[in-house]
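Here is the structure we will look at, set down as structure tokens.
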Amino acid sequence: MRSFDESKYHLGSLCKRGHNHENTGKSLRYSNGGTCIQCVMLWHEKNRGYQDGYYRKNREKLTIKKKEYRQKHPEACLARQREYVKNNYERIRARRKEYQAKNHEKLYAVGKLWRLNNPEKVAAIAKKSQRKCRDKINAWGRKHHSENRESDNRKEREYRATHRERVNKYQMEYYRQHHEKIRIQAKKLADKYCKELGENYVKNQIQHQSGLLFEDMTPELVELKRIQLRANRASRAYKKGRAICQTC
Ligand SMILES: [Zn+2]
């Protein structure tokens, strides 16, 4: 005799239709309720669609009942749902993918409409995810830039060259909005370079006096000019009896 799940079925007395289970002289019955399995299958065979019809007729009543059950036993429902998802994960995923592929346009349209109607929510979600991943994003950007400095700079130059008008417009707008801040920063930087006698500052001084181009200036020339500037400053300070000029 073939084995059966003893937690669900048992061999009971022969049913009224005489469903003899593998010549045991007994019927295989559900442990829960004791009905003969063959009889149940027969009933379903004859009444195909009955349950669908029943469901259709009593949809509202059944929905309420289900809801009540879910509210009464939330943990059990959740556990069962989890169990189902765990056991059928691949099937669920495949079905979802299939549905998404079939209804791509519809889903896209629904999503778009939602995004249009909920701009604050969209912005909030984006902000949240950005905040959550800020360190990651920044780190990635820095790493990428340090690895691709050359090509990044080239791309930016190219962009500026091909979008000159847009860049100019943007810069003008930016300057208009932040000119006070920019002026202060520029002054600070100029003071810093002046004080430190930085490379470009010295080169600017040379160009100013001689008209020489930056690329024609040798490091020795720059260094000589630096020494000269330093000497001039010292002598001016000495004459005026005050500290070395900070701004020239
Ligand atoms: Zn039976």
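The values are calculated or read from the model by the stated rules, or taken from the named source; none is laboratory data. Because the structure is predicted, anything quoted here is derived from the model rather than measured. Glycine also receives a Cβ, built like all others from the backbone with ideal geometry; neighbour counts cover every protein chain displayed.
Structure above, values below:
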{"item": "Looking only at the range 17-38, and only at residues there that are in a helix (DSSP H, G or I) and under 18 Å from Asp5 (Cβ atoms), the one that is farthest from the ligand (Cβ to nearest atom)", "result": "Glu22"}
{"item": "Where Lys8 falls short, out of the listed (1) of a type in the set (D, E, K, R); (2) near the ligand (Cβ under 8 Å from one of its atoms); (3) touching a Phe, Trp or Tyr at 6+ places or on another chain (Cβ under 8 Å)", "result": "(2)"}
{"item": "Single residue of the range 160-196 satisfying the filter (in contact with a helix residue (DSSP H, G or I) (Cβ under 8 Å, 6 or more places away or on another chain) and modelled with pLDDT of 90 or more) that is nearest to Ala234 (Cα to Cα)", "result": "Ile182"}
{"item": "Single condition His104 does not satisfy, out of (1) within 16 Å of the ligand (Cβ to nearest atom); (2) modelled with pLDDT of 90 or more", "result": "(1)"}
{"item": "Residue within the range 192-206 that is surrounded by 12 or more Cβ atoms within 10 Å (Cβ to Cβ), among the β-branched types (Val, Ile, Thr) and in contact (Cβ under 8 Å) with a residue 24 or more places away in the chain present", "result": "yes"}
{"item": "Selection within the range 87-100 - within 24 Å of Lys67 (Cβ to Cβ) and either of a type in the set (A, V, I, L, M) or part of a helix (DSSP H, G or I) (or both)", "result": "Ile92"}
{"item": "In the range 39-78, residue farthest from the ligand (Cβ to nearest atom) [restricted to those that are assigned to a loop (DSSP other than H, G, I, E, B) and over 26 Å from His19 (Cβ atoms)]", "result": "His73"}
{"item": "The lone exception for Tyr84 - which of (1) closer than 30 Å to Ser3 by Cα; (2) touching a helix residue (DSSP H, G or I) at 6+ places or on another chain (Cβ under 7 Å) it fails", "result": "(2)"}
